[in-house]
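The values are calculated or read from the model by the stated rules, or taken from the named source; none is laboratory data. Model, not experiment: these values are computed from the prediction. FYI the Cβ positions are ideal-geometry reconstructions off the backbone, even for glycines, and counts take in every protein chain you see.
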Amino acid sequence: MKRHISFALNIIAIALFIPGITLPMFALNMEMSALLNAAGVTSTLIDKELSILTTVKELWESERFMVAVLIFLFSVCIPLLKTILMSLAYFTRKKNLALQITQFVAAIGKWSMADVFVVAVFLAILSTNHVDTLSQETLSLFGFNISIDISTQTLSNAGDGFFYFVGYCLLSLLASHIASSPYALKRVEPE
């Protein structure tokens, strides 16, 4: 029974994984305003929504290859490998092979905790919500003092991808835990 539950959770987890990496994890908006005495001007500096895949793409295009590869490896490749292997372990009838696959998945599961790290990084980014800075400058021009107030505002919000990815992480961990329990492979036919 545990094998079936683990497999079902694994399928649900991968269903959450796909929108988790393709939908925006967060939206970031940064605006700068300048008030010159009573007149003001506002400019948007950054306005983007980033998913895991678009983040990897942007990192790669900006030649931050190491970070792009690590995020892609830990947030895309290892989760897919885990799902394929857990499905293989579920469908195999050889008890020893299923046990070896499950143990291997448990071993790489420690490495896939990096996907949880990715979520933590996004949470840290989201903690910048509503960060405002204000600086007041005085410009002297031909004996006149002109007061300039320059402010920036950073807003960030969690996107749908964030919630799907968190759901994937939790269900995947639960499925792996159930699959690696001592009795999960009990009903598999011996070799």
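Given the conditions (1) out of contact with any strand residue (DSSP E or B) (no Cβ under 6 Å at 6 or more places or on another chain); (2) modelled with pLDDT of 80 or more, report the number of the one that Ala39 does not fulfil.
Failing condition for Ala39: (2).
Just need a number here: residues in segment 145-161 that are among the hydrophobic types (A, V, I, L, M, F, W, C) and under 15 Å from the mean Cα position of the chain (by Cα). Lay out the reasoning, then the answer.
Filtering segment 145-161 down to residues among the hydrophobic types (A, V, I, L, M, F, W, C) leaves 146, 148, 150, 155, 158.
Imposing the further condition that a residue be under 15 Å from the mean Cα position of the chain (by Cα) reduces the set to 158.
Looking only at that region, the number is 1.
Of the residues that sit in segment 1-35 and are over 18 Å from the mean Cα position of the chain (by Cα) and β-branched (Val, Ile, Thr), which one is farthest from Leu88 (Cα to Cα)?
Ile5
Failed condition for Thr44, given (1) assigned to a strand (DSSP E or B); (2) surrounded by fewer than 16 Cβ atoms within 10 Å (Cβ to Cβ); (3) touching a Leu at 6+ places or on another chain (Cβ under 7 Å), with all others met?
Tallying (1) assigned to a strand (DSSP E or B); (2) surrounded by fewer than 16 Cβ atoms within 10 Å (Cβ to Cβ); (3) touching a Leu at 6+ places or on another chain (Cβ under 7 Å), Thr44 fails exactly one: (3).
Considering only residues that are touching a Phe, Trp or Tyr at 6+ places or on another chain (Cβ under 6 Å) and aliphatic (A, V, I, L, M), look in segment 15-35 and name the one that is modelled with the lowest pLDDT. Steps first, answer last, please.
In the first step, residues of segment 15-35 are kept if they are touching a Phe, Trp or Tyr at 6+ places or on another chain (Cβ under 6 Å); the result is 16-17, 19-20, 25-26.
Adding the requirement that they be aliphatic (A, V, I, L, M) leaves 16, 25.
Numbers: Leu16: 94, Met25: 84.
Result: Met25.
Return only the number of the condition from (1) among the aromatic types (Phe, Trp, Tyr); (2) within 30 Å of Phe104 (Cα to Cα); (3) surrounded by 16 or more Cβ atoms within 10 Å (Cβ to Cβ) that Phe26 does not satisfy.
Every condition holds for Phe26 apart from (2).
Out of Ile12, Ile52, I need the residue that is surrounded by 13 or more Cβ atoms within 10 Å (Cβ to Cβ) and either in contact with a strand residue (DSSP E or B) (Cβ under 8 Å, 6 or more places away or on another chain) or at pLDDT below 90 (or both). Which one?
Of the residues listed, the single one that is surrounded by 13 or more Cβ atoms within 10 Å (Cβ to Cβ) and either in contact with a strand residue (DSSP E or B) (Cβ under 8 Å, 6 or more places away or on another chain) or at pLDDT below 90 (or both) is Ile52.
Say whether the condition of being in contact with a Phe, Trp or Tyr (Cβ under 9 Å, 6 or more places away or on another chain) and surrounded by fewer than 19 Cβ atoms within 10 Å (Cβ to Cβ) is met by at least one residue in segment 92-105.
The answer is no; no qualifying residue exists.
State yes or no: is Leu170 surrounded by fewer than 16 Cβ atoms within 10 Å (Cβ to Cβ) and either under 25 Å from the mean Cα position of the chain (by Cα) or at pLDDT 70 or above (or both)? So that I can check it myself, show each step before the final result.
Numbers: surrounded by fewer than 16 Cβ atoms within 10 Å (Cβ to Cβ): yes; either under 25 Å from the mean Cα position of the chain (by Cα) or at pLDDT 70 or above (or both): yes.
It is true that Leu170 is surrounded by fewer than 16 Cβ atoms within 10 Å (Cβ to Cβ) and either under 25 Å from the mean Cα position of the chain (by Cα) or at pLDDT 70 or above (or both).
The rows are residues; the columns are (1) assigned to a helix (DSSP H, G or I); (2) of a type in the set (Phe, Trp, Tyr).
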{"position": "Phe7", "(1), (2)": "yes, yes"}
{"position": "Ile11", "(1), (2)": "yes, no"}
{"position": "Phe17", "(1), (2)": "yes, yes"}
{"position": "Met30", "(1), (2)": "no, no"}
{"position": "Lys48", "(1), (2)": "no, no"}
{"position": "Lys57", "(1), (2)": "yes, no"}
{"position": "Trp60", "(1), (2)": "yes, yes"}
{"position": "Val76", "(1), (2)": "yes, no"}
